[in-house]
Each structure stands twice: as structure tokens, then as C-alpha cells.
Amino acid sequence: PPFYVHLAVARPLPPGDGTLLLPLLAGFLLFILLRGAVGWLRTYVLLAFSGLLNAQLMFNIVRHMFQLPHEWFASRHVAALLSRISSTQPIKDLITQGFTGAIVDGAMALLTLAVVLIVAPSLGLIMLLGFAAVAVVKWWESRVSGPREHEMIEAQAKAQQELIETIRGISAVKLFRR
């Protein structure tokens, strides 16, 4: 770690005081191990929760589709059905990745904030102000991007419908050419 090198090399130790390097090295090694363990735990928890939530969501969608009457399917184009199914993907992504990530990262952030507030209250206040600024920007971003996402889903449905109709038309053209 650069900070360890800075402390060990840039700040000369008094002669015969090399024993200070060993506790410093042990502290930084512990920090690196803790950082790796927290990263592994975060990844493990995110993968486990995301997998469980994704499987449950897919099960619910399929179960709901089997409960729909035949008339519902008969009155819609295949493209519209595919569009409805694929339009659930952003919701699934939000729930399985965004939501679980927010919970895990939020718990870690609260723990870090608590430690910082105990050790250095002024630095903790700066962290809280930064959090408030980021929260305002995210809120504004979600309000602006909502209508755009709706337009994107509609455009994808139309493109999918055009593609299916084109594929259906190809067979008619090929039969006509014979």
C-alpha cells in the first residue's frame, strides 16, 4: 500500500527504531485482509440474494402467465407478448442487483459512518453532506430518466413487432418466388 511505503520510506525513522516497522506492517496487512474479506462477503451476499430473488421473480411471472385466460394471449401479437415479458427485465435487474446492492452497501456505509463519527465527528459531517448531495442528484436523475425509459420500452416493442412481421413476410415472399 502506498501509505505504508510513505510512512516507512518518506518519514525517516530514528536510528535503531526499526521495531516500529513491524507493527506498522502488521496493521497494514490486517487492513488489506479486512478489505479483501469485506469485498468477498459483499460479492457472496449479492450473488446469493440476487439469485434467489431472480428465481422467485421468474417463477411468479411464469405462474401469472399460466393463470391468464387463452383469450388474453389470442388477442395480442407475439411481439406484444415478448415485449411484455422482456419489459420486466429492468424491474428484475433493479430488484435483484440494485436493491440487494443498496442494502449491502447501505449497511456497510452506515457502519463506516458510525465509526467515522466516533473517531472524527467533523469528517463524519462532511460525509453526511456528501451523501445528501449525491441523494439529490440521484433523485433528479431518476425523475428525468423515467419517461425516457418508458419511451425506450415502447420503441423496443415496436421494433420487435416489426422484426416478427418481417420474418413472417419472408416466408410469403419465398413461397411467391417459387
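Just so it is clear, none of the values below were taken in a lab; they were calculated from the coordinates. The structure presented is a predicted model; accordingly, all values stated were derived computationally and were not measured. As a convention, Cβ positions derive from the backbone with ideal geometry for all residues, glycine included, and neighbour counts pool all protein chains shown.
Observations on the structure shown:
- ILE167-THR112 pseudo-label distance in nm [points 7 Å out on the Cα-to-Cβ vector]: 4.6 nm
- Applying the Karplus relation 6.51 cos²θ - 1.76 cosθ + 1.60 with θ = phi - 60° to segment 160-177 yields 3J(HN,Hα) values of 5, 5, 4, 5, 5, 5, 5, 5, 4, x, 4, 5, 5, 5, 5, 5, 5, 6 Hz, where x marks Gly and Pro.
- Of GLU149, GLU165, GLU71, the one that fluctuates the most in a GNM where the chain has Cα springs shorter than 10 Å: GLU71
- Projecting the Cα atoms of LEU94, GLY130, LEU57 onto the dipole axis of segment 39-178, where Lys and Arg carry +1 and Asp and Glu carry -1 at the beta carbon, places LEU57 farthest toward the positive end.
- Additional length obtainable on full extension of the chain from LEU21 to LEU68, 0.36 nm per residue less Cα span: 9.9 nm
- Sequence-separation-based contact order of segment 32-178, relative, with Cα cut under 8 Å and 6+ spacing, percent: 36 percent
- Most mobile of ILE91, ILE61, ILE126 in a GNM of the chain (Cα contacts under 10 Å): ILE126
- Between GLN161, GLN56, GLN67, the residue with the greatest mean-square fluctuation in the GNM of the chain (Cα pairs under 10 Å linked by springs) is GLN67.
- Positive dipole terminus of the chain, leading residue within MET108, LEU175, PRO23 (C-beta point charges): LEU175
- Label of the coordinate-derived value, mean projected area of the Cα convex hull in nm², listed as (1) 11.7; (2) 19.3; (3) 12.3: (2)
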